[in-house]
1. Determine, yes or no, whether Ala227 is of a type in the set (A, V, I, L, M, F, W, C), outside any helix (DSSP H, G or I), closer than 17 Å to Gly29 by Cβ and touching a helix residue (DSSP H, G or I) at 6+ places or on another chain (Cβ under 6 Å).
2. Hey, could you check segment 106-144 for residues that are buried (at least 17 other Cβ atoms within 10 Å of the Cβ) and part of a loop (DSSP other than H, G, I, E, B) and say which is nearest to ligand 1 (Cβ to nearest atom)?
3. Can you pull out the residues in segment 94-105 that are among the hydrophobic types (A, V, I, L, M, F, W, C) and either out of contact with any helix residue (DSSP H, G or I) (no Cβ under 8 Å at 6 or more places or on another chain) or open to solvent by 70 Å² or more (accessible area, probe 1.4 Å) (or both)?
4. For the structure I just gave you, tell me whether Arg225 is surrounded by fewer than 15 Cβ atoms within 10 Å (Cβ to Cβ) and closer than 25 Å to Ile164 by Cα.
5. So which helices (runs of 4 or more DSSP H) stay within segment 8-89 end to end and still have 2 or more residues that are surrounded by 15 or more Cβ atoms within 10 Å (Cβ to Cβ) and within 15 Å of ligand 2 (Cβ to nearest atom)?
6. Just checking, which of Ser217, Ser236 is open to solvent by 50 Å² or more (accessible area, probe 1.4 Å), modelled with pLDDT of 95 or more and not charged (D, E, K, R)?
7. Go through (1) within 11 Å of ligand 2 (Cβ to nearest atom); (2) in a helix (DSSP H, G or I) one by one and return the number of the condition Val160 breaks.
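The values are calculated or read from the model by the stated rules, or taken from the named source; none is laboratory data. Not measured: the values here are computed from a predicted model. Positions of Cβ are backbone-derived with ideal geometry, glycine not excepted, and every protein chain shown enters the neighbour counts. The accessibility values were calculated without ligands, DNA or RNA, using every heavy atom of the protein model including side chains. Shrake-Rupley method; radii C 1.70, N 1.55, O 1.52, S 1.80 Å.
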Amino acid sequence: MTATPDRQLDEPIAALGACLRPAIIAIDGPAASGKSTVGYRLAKALGYLYFDTGVMYRAVTWAALTRGVAIADEQAVSALAHSLVIDLHPPQPTQQDGRHATVLVDGQDVTWLLRAPEVDRNVSAVSAYAEVRAALTAKQRAIAHRYGRGDAERAGIVLVGRDIGTVVVPDAPLKLYIDATPEERARRRYHELRQQDKAVTYAQVLADILRRDRIDSERTLAPLRLAADAVRIDNSHQSADVTLKQALEALCARVGKL
Ligand code: CDP
Ligand code: CDP
């Protein structure tokens, strides 16, 4: 899933790392737009923590589905969001299966279970619940600020999600919004699911993505939208390398103005 880093990018990455102090980089965008790919590669290159906030909403959804909690039962789902212990760890050298992070829910490794189509289909309903958002946003913000203050073991953090630049850390100085057409995003997600031997059709994946886009963008609380000070990159027709390069240029230009 992760492309080989382009060596030509070493220099701009080193330059950016040198001019950033403890930094929070916020990346938002719709499903399968490529935000994790660029976020992970940026974090890795800069030596920052990579934090995909979507896995927290997925973890609550997965727990509800596997524990027989009805997704429509807002109170019970919200209770899960408060009580679950969700831990994220960088992958071990032995875990070379394409994961960007290992996700533990109450001690169980659920990294790949969170990618099931059933989780995809239900996660937007779960993430629209006010109590779920309150619980998870508070955890995400606390982690982000610890890194932003320079109180953590790494020099910075890259957070990826839907509302990072608008709600979780609106004060983040560096914000990207990664976009692509629904058809291209569905093609990418379909390809990923087929590689994992999931029985899905392109039409189903496109329908799920359009539905998730609609719920994520139209919900009252923290809807997906472009922050006024975010740089939008449409990577529908370009490689992950080109997107990383554009992201670096945008961030360097922004740092110059800080
Ligand atoms: O990887 P993909 O873009 O398909 O999804 P994700 O980032 O794992 O997020 C899964 C779902 O969690 C999204 O469709 C949103 O409903 C929700 N989410 C959110 O509401 N706020 C975030 N900061 C991150 C994810
Ligand atoms: O995090 P998000 O759901 O926005 O997407 P992703 O997991 O970064 O990317 C979804 C899929 O698209 C992955 O398999 C990436 O390798 C692929 N991708 C691509 O083909 N071209 C890009 N420019 C970016 C991502």
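1. Details: of a type in the set (A, V, I, L, M, F, W, C): yes; outside any helix (DSSP H, G or I): yes; closer than 17 Å to Gly29 by Cβ: yes; touching a helix residue (DSSP H, G or I) at 6+ places or on another chain (Cβ under 6 Å): yes.
Criteria met by Ala227.
2. Selected residue: Ala128.
3. The initial filter retains those residues of segment 94-105 that are among the hydrophobic types (A, V, I, L, M, F, W, C), namely 101, 103-105.
Leu104 - this is the single residue of segment 94-105 that is among the hydrophobic types (A, V, I, L, M, F, W, C) and either out of contact with any helix residue (DSSP H, G or I) (no Cβ under 8 Å at 6 or more places or on another chain) or open to solvent by 70 Å² or more (accessible area, probe 1.4 Å) (or both).
4. Values: surrounded by fewer than 15 Cβ atoms within 10 Å (Cβ to Cβ): no; closer than 25 Å to Ile164 by Cα: yes.
No: the conditions fail for Arg225.
5. On the way: elements: 10-19, 35-46, 54-66, 74-83.
Filter on segment 8-89 gives 35-46, 54-66.
6. On the way: Ser236 fails: open to solvent by 50 Å² or more (accessible area, probe 1.4 Å).
Selected residue: Ser217, the only one of Ser217, Ser236 that is open to solvent by 50 Å² or more (accessible area, probe 1.4 Å), modelled with pLDDT of 95 or more and not charged (D, E, K, R).
7. Evaluating Val160 over (1) within 11 Å of ligand 2 (Cβ to nearest atom); (2) in a helix (DSSP H, G or I) leaves (2) as the failure.
For (1) without any contact (Cβ under 8 Å) to a residue 40 or more places away in the chain; (2) not hydroxyl-bearing (Ser, Thr, Tyr), each residue gets a yes or a no:
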| residue | (1), (2) |
| --- | --- |
| Leu46 | no, yes |
| Thr53 | no, no |
| Asp73 | yes, yes |
| Ala76 | yes, yes |
| Ser83 | yes, no |
| Asp97 | yes, yes |
